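What follows is a single structure, written as structure tokens, with notes after it.
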Amino acid sequence: MASGLPSNPLKKIRLTRISHVYYKHENIEEAKKFADDFGFQETATVGKTTYYRGYGSDPFVIAFEAADKTEFGGAAFEVESEEELVHASKVLPKECKATEVYELKDAPGGGKGVTFYDPVDGFPFHLVFGQTPVEQRDPQFPILKVNYPNEKNRGPNQFQRFQKRPAPVHKLGHFGMCVTNFAKCYEFYSTYFNFFPSELVHNDAGVNITVFFRLDRGEQFVDHHCFFFFEGPKMHVHHSSFETHDFDAQVLGHDWLRHKGYENCWGVGRHVMGSQIFDYWFDPSRFILEHYVDGDLLDMNEPTHNTKAAPDNLHVWGKLIPKGRNLMDRANTGVGPEVPATFLQ
């Protein structure tokens, strides 16, 4: 049995992909309306938890729980084997309060899991294995043939026509946290897991304050980052990001959310680190969720990039980085998680 295998404390826990995130909402009905308008597809409700999938093969990418307190419930990463789950349950430091391996009885796709808590700030983190993939769905968007000035890829009498609709979510791409001690968090996640820094961002004193982690999967192509964190005065989830079909789908989704009365946080724009086109939105609980397209893929032939923190390093086109009321509202209104006044904190 896997549970009887010994653990090597020097062996890193091997992650294969980011799987899903959990959010807890006081106003679950408003959250569920937003989920539909954001482009998630409801797949099951079990007790107080509603699960949503994208059109990819993941059985679910986000779960909303009806709760007395609005808060982030953590992200889940898939590991290579059940043995990795057992290893994690035994090797993580005691302050992580790692659980034993448990059955994912109610979650779509089933499987097994281990939950631990960040040793610095205490937010939950989940590891899963054995989820059953689902059949991919058709996003009902074409693979576009784009005409350029000197290269016409679409034949005569062929049109680009679209229907107003939400941007269909494909998969969860990454999530990010504000942590209170960057150095300790960096040491923990880089020591115990196969996270590798695609980008390290330092301050004027040369001290690293932000990391964009990808997974070390050797020659396999992976997303530029699946987990990032930066140092700030108070721990909070920054955002979770979901891939959609293409730029047209993304902007159609932007217009759909705008017409439905939701508040745009930042976007549409093009990032520098990761290259993806971004579009950030507040949900009714004031969590930030992102649609993205056209992100970079890397393998382990690409080294870590080191960059000094500066506003121009975040985006090459789009609106200015948001400050002021829309973010301060999360602290001042008593609605949703408390965060500081700028997108960068």
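Annotation: amide H of Asn194 within the under-5 Å range of Ile13, Leu15, sequence separation 5 or more or interchain, hydrogens built in the peptide plane.
Report the charge-dipole magnitude of the range 217-303 in Debye, nearest 20, computed about the Cα centre from +1 at each Lys and Arg Cβ and -1 at each Asp and Glu Cβ. Walk me through the numbers before you get to the answer.
Numbers: 6 positive and 15 negative charges, 98 e Å.
For this selection, approximately 480 debye.
For the range 212-273, the fraction of C-alpha pairs more than 19 angstrom apart is 52%. Residues whose amide H falls under 5 Å from that of Gly73, counting only those 5 or more places apart or on a different chain, are Tyr22, Tyr23, Lys24, with hydrogens built in the peptide plane. Taking only the C-alpha atoms of the range 57-106, the Rg (one decimal) and the largest Cα-Cα distance, Dmax (whole number), read 13.5, 36 Å. Projecting the Cα positions of Pro93, Ser57, Phe40 onto the charge dipole of the range 38-103 (unit charges on Cβ atoms of Lys, Arg, Asp and Glu, taken about the Cα centre) puts Phe40 furthest along the positive direction.
Taking the square roots of 5 times each eigenvalue of the Cα gyration tensor of the range 80-180, largest first, gives ellipsoid semi-axes of 44, 18, 13 Å. Residues Trp317, Trp256, Trp266, sorted by accessible area with the largest first, give Trp317, Trp256, Trp266 [1.4 Å probe; ligands and nucleic acids excluded].
With every protein chain present, what is the per residue accessible area of the chain (1.4 Å probe, Å²)?
Details: 16140 Å² over 345 residues.
On a per-residue basis, 47 Å².
Charged side chains reduced to their Cβ positions (Lys and Arg at +1, Asp and Glu at -1) give the chain a dipole of some 460 debye around its Cα centre. Across the range 271-279, rounded Karplus estimates of 3J(HN,Hα) from the backbone phi angles (6.51 cos²θ - 1.76 cosθ + 1.60, θ = phi - 60°) give 5, 8, 6, x, 6, 5, 7, 10, 7 Hz, Gly and Pro being marked x.
Which of rounded, prolate, oblate describes the range 242-329, given a ≥ b ≥ c as roots of the alpha-carbon gyration tensor eigenvalues and a/c under 1.5 marking rounded, otherwise prolate only if a/b is larger than b/c?
Numbers: a/c = 2.28, a/b = 1.44, b/c = 1.59.
Oblate, because a/c is 1.5 or more while a/b does not exceed b/c.
Regarding the chain, what whole-number volume in Å³ per residue does the convex hull of its Cα atoms give? Please report the intermediate quantities before stating the final value.
Working: hull volume 54.2 nm³, N = 345.
Residue-normalised Cα hull volume stands at 157 Å³.
Per-atom-type breakdown for the chain gives carbon and sulfur 50% of the accessible area (1.4 Å probe, protein chains only). Could you tell me the distance between the Cα centroids of the range 172-233 and the range 94-130, to the nearest Å? Cα centroid to Cα centroid, the span is 20 Å.
Expressed as cubic angstrom per residue, what is the convex hull volume of the alpha carbon set of the range 280-327? Don't skip to the answer; put the middle values down first.
On the way: hull volume 6.5 nm³, N = 48.
Hull volume over Cα atoms, normalised by residue count, gives 135 Å³.
For the chain, a Gaussian network of Cα nodes joined below 10 Å ranks Gly155, Gly39, Gly130 by mean-square fluctuation, and the top entry is Gly155. Which of rounded, prolate or oblate describes the range 180-332 when judged by the alpha-carbon gyration tensor and an a/c cut-off of 1.5? Judged from the Cα gyration tensor, the range 180-332 comes out oblate (a/c at least 1.5, b/c at or above a/b).
The values are calculated or read from the model by the stated rules, or taken from the named source; none is laboratory data. Predicted model, so just to flag it, every value in this text is computed and none were measured. Note: ideal-geometry Cβ built from the backbone for every residue, glycine included; neighbour counts use all protein chains shown. Surface areas here come from the heavy atoms of the whole protein model, side chains and all, with no ligands, DNA or RNA. Shrake-Rupley method; radii C 1.70, N 1.55, O 1.52, S 1.80 Å.
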